[in-house]
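Student: I am attaching a structure below and will ask some questions about it afterwards.
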Amino acid sequence: MSALESAQFQLAEAVKQLGLDDGFHQVLRTPRREMTVAVPLRRDDGHIEVLRGYRVQHNLTRGPAKGGVRFHPATDLDEVRALAMWMTWKCALIGVPYGGAKGGIAVDPRSLSRNELERMTRRYVSELIPVLGPEKDIPAPDVGTDEQTMAWMMDTYSIHSGYTVTGVVTGKPVSVGGSEGRGGATSRGVMYSAFCALRDAGIDPRDVTVAVQGFGKVGGLTAQYLHDAGCRVVAVSDVQGGVYNPGGLNTAGLLRHLRSGAQTVVGYPGTDTISNEELIELDVDVLVPAALEGVIHEENASRVRARFVVEGANGPTTPDGDVILQENGILVVPDILANSGGVAVSYFEWVQDLQAYFWTEDEVNARLKTMMEQAYADVTSLASERKVSMRTAAQMIGVGRVAEAHRTRGLYP
Ligand code: NAD
């Protein structure tokens with residue numbers, strides 16, 4: 001099942017549980033705006049390539065559109081539609097006043113030089129300028145993009161506006177209007193979600209083993225924070241494969257290894273090499289998929305041995321996989337809850353930019369914790385009241401709030 005089919009399936013389930021009619025279902029299912037743009041790129045050797053870029057604004061009813069930008073070779077319009085839809089429910093679930101969006105370019109950023117990346121990013125933004133803005137649509141980092149990408153995006157938008165518009169993107173460096181705590185926010189939120197799940201099961205985090213798929217912006221710091229909190233992180237991976245040490249990995253050493261220029265975690269001293277497939281099936285307490293969509297599916301879900309799956313990535317479990325995990329008594333903390341710390345602190349960053357008044361890292365982290373624990377409590381309480389999975393409960397809250405906003409605003413004309 002594709003990411004879009006998964007997202008649509010999950011929406012249909014929430015719509016059914018909420019008793020919404022067909023017309024409402026169509027409104028919630030259909031993206032408001034979709035843009036496909038050509039991104040002509042002059043490579044360093046002088047030749048020109050034309051890449052394909054996308055931006056989908058799935059819903060704008062609760063506020064401006066908000067969502068990441070992905071640079072990945074497999075990115076296409078359907079994937080962006082799915083990710084934009086999940087953003088809509090996520091923003092509503094944690095109570096930030098945004099609709100959902102997502103964007104991307106079908107490209108492998110590792111195949112480009114830094115200058116090529118900068119030219120590509122700036123051209124992509126310039127094609128989208130009419131639909132971006134602090135009151136319209138606010139991009140952020142996702143797979144293959146980072147703080148530097150956001151700085152180029154903000155700069156390009158600002159140059160076209162004639163003045164500095166820090167609030168047009170989030171996840172920027174602190175030196176140009178970024179927020180303290182944004183870099184680690186998604187990972188911190190994944191940790192809070194894992195702790196809530198462990199607390200409810202009466203388990204001490206210091207007694208658990210963890211495997212993290214995807215040692216990027218989200219997975220890398222999730223592994224580090226869980227390690228710092230006393231968990232034993234036994235496996236992590238990236239696109240090239242994974243490393244395993246049953247006695248526990250040196251997460252800080254692995255992060256330093258990558259920051260100093262290593263291309264992969266594979267081969268890190270004192271570790272065994274495992275595949276991404278093997279990592280998913282490891283005998284650990286907590287599994288954190290933090291790479292791409294669809295990695296837990298019909299074929300491998302029955303071999304997942306973790307007690308808790310805490311979804312750092314968007315859409316890592318297909319609906320078929322979900323059913324099997326549930327039958328096997330595995331608790332899944334769903335993506336739109338578990339990884340919502342990123343957009344929560346993106347919201348804080350936007351608020352700080354609009355007010356030109358900045359908060360301390362402690363303030364950011366404290367507000368994030370309060371917000372995530374509240375959302376977690378809302379989801380578990382609805383799940384037990386309605387006897388549905390945490391995913392369905394989370395979707396019901398998100399979808400229900402967006403439906404309510406539509407109902408209240410009315411249909412124009
Ligand atoms: P990233 O580019 O920083 O890291 C992605 C990691 O996944 C890298 O380690 C990469 O090597 C690995 N990877 C890529 N393809 C893989 C494959 N086929 N198999 C295994 N590993 C693979 O991206 P990120 O920002 O950390 O995003 C990871 C996930 O988290 C995505 O699903 C993203 O949508 C989601 N997410 C990100 C944020 C954020 O703030 N960055 C917020 C919410 C959700």
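Bear in mind these aren't lab numbers, they're just calculated from the coordinates by the rules spelled out. From a predicted model like this one, the values you see are computed outputs, not experimental measurements. A quick note on method: Cβ atoms are made from the backbone with ideal geometry, for glycine too, and the neighbour counts reach across all protein chains shown.
Student: From the backbone phi of region 383-393, what are the Karplus-calculated ³J(HN,Hα) couplings (6.51 cos²θ - 1.76 cosθ + 1.60, θ = phi - 60°) in whole Hz, Gly and Pro given as x?
Tutor: 4, 6, 5, 9, 6, 10, 5, 4, 5, 5, 4
Student: Can you work out ³J(HN,Hα) from phi for every residue in region 90-104, in order, using Karplus 6.51 cos²θ - 1.76 cosθ + 1.60 and θ = phi - 60°, giving whole Hz and x for Gly and Pro?
Tutor: So the Karplus estimates, Gly and Pro as x, are 4, 4, 5, 4, 8, x, 9, x, 10, x, x, 8, 7, x, x Hz.
Student: Could you give the Stokes-Einstein D for region 1-103 in µm² per second, using the C-alpha Kirkwood radius, 10 °C, 1.306 mPa s?
Tutor: D = 108 µm²/s.
Student: Over the chain, how many pairs of lysines fall under 22 Å by alpha carbon, counting only those 8 or more apart in sequence or from different chains?
Tutor: 21
Student: By counting other Cβ atoms within 10 Å of each Cβ, how are Asp44, Asp378 ranked from fewest to most?
Tutor: Placing the least packed residue first, the sequence is Asp44, Asp378.
Student: Ok, one more. Considering only the other residues whose Cβ falls under 13 Å of the Cβ of Val39, what net charge follows from Lys and Arg at +1 and Asp and Glu at -1?
Tutor: Around Val39, the charge tally is +3.
Student: While we're looking at this one, here's another question. May I ask which residue of Val234, His257, Leu282 lies farthest towards the positive end of the charge dipole of region 201-316, with charges of +1 (Lys, Arg) and -1 (Asp, Glu) on Cβ and the Cα centre as origin?
Tutor: So the residue furthest toward the plus end is His257.
Student: If Rh is defined by the Kirkwood formula over all Cα pairs and Rg also comes from Cα, what ratio Rg/Rh do you get for region 284-413?
Tutor: With Rh from the inverse mean 1/r over Cα pairs, Rg/Rh is 1.04.
Student: Rounded to the nearest 5, what % of the DSSP beta bridges within the chain are antiparallel ones?
Tutor: Restricted to the chain, the bridges split so that about 50 percent are antiparallel.
Student: Relative contact order for the chain: what is it in percent, counting Cα pairs under 8 Å that are at least 6 residues apart?
Tutor: 17
Student: Scattering from the C-alpha atoms of the chain alone, worked out with Debye: what is log10 I(q)/I(0) at q = 0.07, 0.12 1/Å?
Tutor: Each listed q maps to, in turn, -0.30, -0.94.
Student: Right, something else. Provide Lys217, Lys387 in ascending order of the number of other Cβ atoms located within 10 Å of each residue's Cβ, fewest first.
Tutor: Starting with the residue having the fewest Cβ neighbours, the order is Lys387, Lys217.
Student: Extent of region 346-399 along each principal axis, from alpha carbon coordinates, in Å, largest to smallest?
Tutor: 44, 21, 11
Student: Could you compute the net charge surrounding Pro319? Neighbours are other residues with a C-beta less than 10 Å from the C-beta of Pro319; K and R count +1, D and E count -1.
Tutor: Value of the local net charge: -4.
Student: Identify the GluC sites (Glu not before Pro) of region 99-161 meeting these criteria: DSSP loop state and at most 14 other C-beta atoms within 10 Å of the C-beta.
Tutor: For GluC sites (Glu not before Pro) across region 99-161 that sit outside H, G, I, E and B with at most 14 neighbouring Cβ atoms in 10 Å, the list reads Glu135.
Student: Report P(r) for region 88-186: all Cα-Cα distances, bin width 10 Å, range 0 to the bin holding the largest distance, values in whole percent.
Tutor: Bin by bin from 0 Å, the calculated values are 14, 48, 34, 5.
Student: Oh, and also: Under the rule of at least 5 residues apart or a separate chain, name every residue whose amide H is placed under 5 Å from the amide H of Leu41.
Tutor: Glu49, Val50, Leu51
Student: Around Gly241, what is the net charge, scoring Lys/Arg as +1 and Asp/Glu as -1 over all other residues with Cβ under 13 Å from its Cβ?
Tutor: Combined, the nearby Lys, Arg, Asp and Glu give -4.
Student: Using the 2.2 N^0.38 Å rule of thumb for compact globular proteins, work out how region 43-110 stacks up: its C-alpha Rg over that value, please.
Tutor: Compactness ratio reported: 1.31.
Student: Sorted from fewest to most neighbouring beta carbons within 10 Å, what does the list Arg119, Arg70 look like?
Tutor: Arg119, Arg70
Student: Explain nothing, just compute: Karplus ³J(HN,Hα) = 6.51 cos²θ - 1.76 cosθ + 1.60, θ = phi - 60°, for every residue of region 235-245 in order, whole Hz, x for Gly and Pro.
Tutor: These are the phi-based 3J(HN,Hα) values: 8, 9, 8, 9, 4, 8, x, x, 10, 9, 8 Hz.
Student: Sticking with this structure for a sec: Per-residue counts of other Cβ atoms within 10 Å, averaged by peptide: what ranking do you get for 76-82, 227-233, highest first?
Tutor: 76-82, 227-233
Student: Nearest 5 is fine: what % of DSSP beta bridges in region 197-312 come out antiparallel, could you say?
Tutor: Just about 40 percent of them are antiparallel.
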